[in-house]
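Sharing a structure with you now.
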Amino acid sequence: MSKSPITSPLSEADKKTTGAILQATLVDLVDLSLIAKQAHWNVVGKNFRSVHTQLDELVATARTYVDEVAERANAIGVSPNGKAKTVVESSGMPDYPDGWLSDEQTVAAIVKTLEALVKRLRGRIDETDKSDLVTQDLLIAIAQDVEQAHWMWQAQQA
């Protein structure tokens with residue numbers, strides 16, 4: 001289908017800008033959910049149980065926002081793409097190590113991942129200031145939860 005069946009409340013330029021931001025956010029969040037699940041399966045150590053459980057909480061947060069971001073894209077007339085190939089080709093998340101990691105290594109890797117996402121989200125919040133305040137509000141909500149998670153993961157390193 002060449003023409004969007006969904007009309008957009010945005011101008012074509014704002015739709016293009018906002019759609020690209022939503023797509024990039026979608027891909028990063030899909031990747032975050034996969035990274036956190038990979039970490040969940042491969043964490044070992046004395047704090048295994050608490051880290052294992054906290055990783056599932058992070059997966060749930062990411063998956064919730066994946067759906068909200070994809071639905072926002074649809075609402076502005078942009079078809080979201082969360083396919084594996086797209087995620088592999090365009091995620092901005094740092095690579096997560098293979099194999100088992102100690103609880104300390106896992107926490108450090110998740111802190112690094114969340115730090116990267118926070119920086120990317122904050123840039124996108126600034127970018128949507130002119131193109132779409134509704135999307136900006138969604139990005140602010142996501143950033144709030146990701147920043148809170150980042151703080152909680154960092155606290156384990158203290």
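Surrounded by fewer than 18 Cβ atoms within 10 Å (Cβ to Cβ) and not in a helix (DSSP H, G or I): does that describe Lys16? Explain how you work it out, then say what you get.
Numbers: surrounded by fewer than 18 Cβ atoms within 10 Å (Cβ to Cβ): yes; not in a helix (DSSP H, G or I): no.
Spelling it out, it is not the case that Lys16 is surrounded by fewer than 18 Cβ atoms within 10 Å (Cβ to Cβ) and not in a helix (DSSP H, G or I).
Quick check on the range 131-158: of everything there that is closer than 24 Å to Glu12 by Cα and free of Cβ contacts under 8 Å to residues at least 24 places away in the same chain, which residue is nearest to the chain's Cα centre (by Cα)? First the steps, then the outcome.
First pass over the range 131-158, keeping only residues closer than 24 Å to Glu12 by Cα: 131-140.
Add one more test, that the residue is free of Cβ contacts under 8 Å to residues at least 24 places away in the same chain, and what stays is 133, 136-137, 140.
Values: Leu133: 19, Gln136: 15, Asp137: 15, Ile140: 12 Å.
Ranking the qualifying residues of the range 131-158, first place goes to Ile140.
Taking interchain pairs and intrachain pairs at least six residues apart, which have beta carbon atoms under 6 angstrom, with the first residue in the range 43-67 and within 17 Å of Trp151 (Cβ to Cβ) and the second of a type in the set (S, T, N, Q) and surrounded by 13 or more Cβ atoms within 10 Å (Cβ to Cβ)?
Correct list of pairs: Val51/Thr106; Ala62/Ser33.
Can you tell me how many residues within the range 88-111 are among the aliphatic types (A, V, I, L, M) and farther than 25 Å from Thr53 by Cβ? I'd like the intermediate steps shown before the answer.
Keep residues of the range 88-111 that are among the aliphatic types (A, V, I, L, M), which gives 88, 93, 101, 107-111.
Next, from what is left, pick out any that are farther than 25 Å from Thr53 by Cβ: 88.
Number of matching residues: 1.
Further question: I need every pair where a residue in the range 69-85 that is farther than 13 Å from Lys16 by Cα has its Cβ under 7 Å from the Cβ of a residue that is in a loop (DSSP other than H, G, I, E, B) and at pLDDT 95 or above, sequence separation at least 6 or different chains.
Hits for this filter: Ala70/Pro80; Ala70/Gly82.
Separate question: Filter the helices (runs of 4 or more DSSP H) completely within the range 55-157 down to those with at least 2 residues that are touching a Leu at 6+ places or on another chain (Cβ under 6 Å) and over 30 Å from Lys3 (Cα atoms). Steps first, please.
Numbers: elements: 84-90, 103-131, 133-155.
In the range 55-157, the matching helices (runs of 4 or more DSSP H) lie at 133-155.
The values are calculated or read from the model by the stated rules, or taken from the named source; none is laboratory data. Just so you know, these numbers come straight off a predicted model, no measurement behind them. Methodologically, a virtual Cβ is constructed for each residue, glycine included, from the backbone with ideal geometry; neighbour enumeration extends over all protein chains shown.
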